[in-house]
1. Any residue that is buried (at least 17 other Cβ atoms within 10 Å of the Cβ), more than 12 Å from chain A (Cβ to nearest Cβ) and modelled with pLDDT of 95 or more - is there at least one of those in the stretch B:35-46?
2. From A:81, A:156, which residue is in contact with a strand residue (DSSP E or B) (Cβ under 8 Å, 6 or more places away or on another chain) and within 10 Å of chain B (Cβ to nearest Cβ)?
3. I'd like the residue in the stretch B:74-100 that is more than 8 Å from chain A (Cβ to nearest Cβ) and part of a strand (DSSP E or B) and, out of all such residues, is surrounded by the most Cβ atoms within 10 Å (Cβ to Cβ).
4. From the list A:56, A:42, exactly one residue is part of a loop (DSSP other than H, G, I, E, B), facing chain B (nearest Cβ under 7 Å) and within 28 Å of residue A:160 (Cα to Cα). Which is it?
5. Any idea which of (1) surrounded by fewer than 16 Cβ atoms within 10 Å (Cβ to Cβ); (2) modelled with pLDDT under 95 is the one residue A:121 doesn't satisfy?
6. Could you tell me how many of the residues in the stretch A:62-74 are touching a residue at least 40 places away in the same chain (Cβ under 8 Å) and closer than 30 Å to residue A:130 by Cα?
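The values are calculated or read from the model by the stated rules, or taken from the named source; none is laboratory data. These figures come from a predicted structure and were not determined experimentally. Here the Cβ positions follow ideal geometry from the backbone for every residue, glycine too, while neighbour counts run over all protein chains shown.
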């Protein structure tokens, strides 16, 4: 992995990101559907990202993928990574059921390892002794007709330079609670405004800084 | 795969879970990263087919990638279990036979 110190430029060295949310039920309408964890446009992702460079060509990710096939909803937890070696892909997947609430978080130890947790279970670890440039959490889909119930992203906290958990920076992002609204497009908004978090059709996030 | 359009199967190699695990761990950064393949949870001698497919790979990204993901790997074990492997393009994911 090397020691790419460029990722330490700036004032925000994110060493952790955490979100509490439900694995909500979604509707995905594409006819390309199968009960596997493969990627594609018939998927809605509830995800959070930690960019490891300013352009986010490299990143760490933890999320839930959703498909809605004729056999019913199919969903899975996943850990994804794109690293400077050119690797981009899942590090881990696990098929799940139910729509209960979980805490999802990624955190860096001072030993240089990134660790992915769901609730209190460490699902994966990876040695990469750099910290993150910026954070993002929300939903993403390539399905133009994807839909989902309104649901909240709560407990959005982060760590900077191995600090304790703290709220997302108010000036950069006021959404400690981010509410995702779908359809026709994916948005991530606070309770009172649609401004600021719409990114593009089928993509809505809250991010900082 | 869930993408629109078509995928072209470029290559397929029969391998084993043990070889695929070691090979995948190299792709993901090597032993120094401490990464462990989920294929280690399966019998090392179990047959796994490694398929290279070219097409549009829509993956969860924080920003648009520098270059589109036009190639992906799918693993299929002898019981029909499908796992998605890494994605990339012809440069970052050249077609090679997995080696342990």
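1. Start the filter on the stretch B:35-46 by keeping residues that are buried (at least 17 other Cβ atoms within 10 Å of the Cβ), which leaves B:35-39, B:42.
Narrowing further to those that are more than 12 Å from chain A (Cβ to nearest Cβ): B:42.
Now narrow it down to the ones that are modelled with pLDDT of 95 or more: B:42.
Yes, the stretch B:35-46 has at least one match.
2. Working: A:156 fails: within 10 Å of chain B (Cβ to nearest Cβ).
Matching residue, one of A:81, A:156: A:81.
3. Among those residues, the one meeting the criterion is B:75.
4. On the way: A:42 fails: within 28 Å of residue A:160 (Cα to Cα).
Matching residue, one of A:56, A:42: A:56.
5. All conditions are met except number (2).
6. 3
Yes or no, residue by residue, for (1) outside any helix (DSSP H, G or I); (2) closer than 13 Å to residue A:38 by Cα; (3) touching a residue at least 40 places away in the same chain (Cβ under 8 Å); (4) within 12 Å of the chain's Cα centre (by Cα):
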| position | (1), (2), (3), (4) |
| --- | --- |
| B:14 | yes, no, no, no |
| B:20 | no, no, yes, yes |
| B:25 | no, no, no, yes |
| B:40 | no, no, no, no |
| B:45 | yes, no, no, no |
| B:61 | yes, no, no, no |
| B:69 | yes, no, no, no |
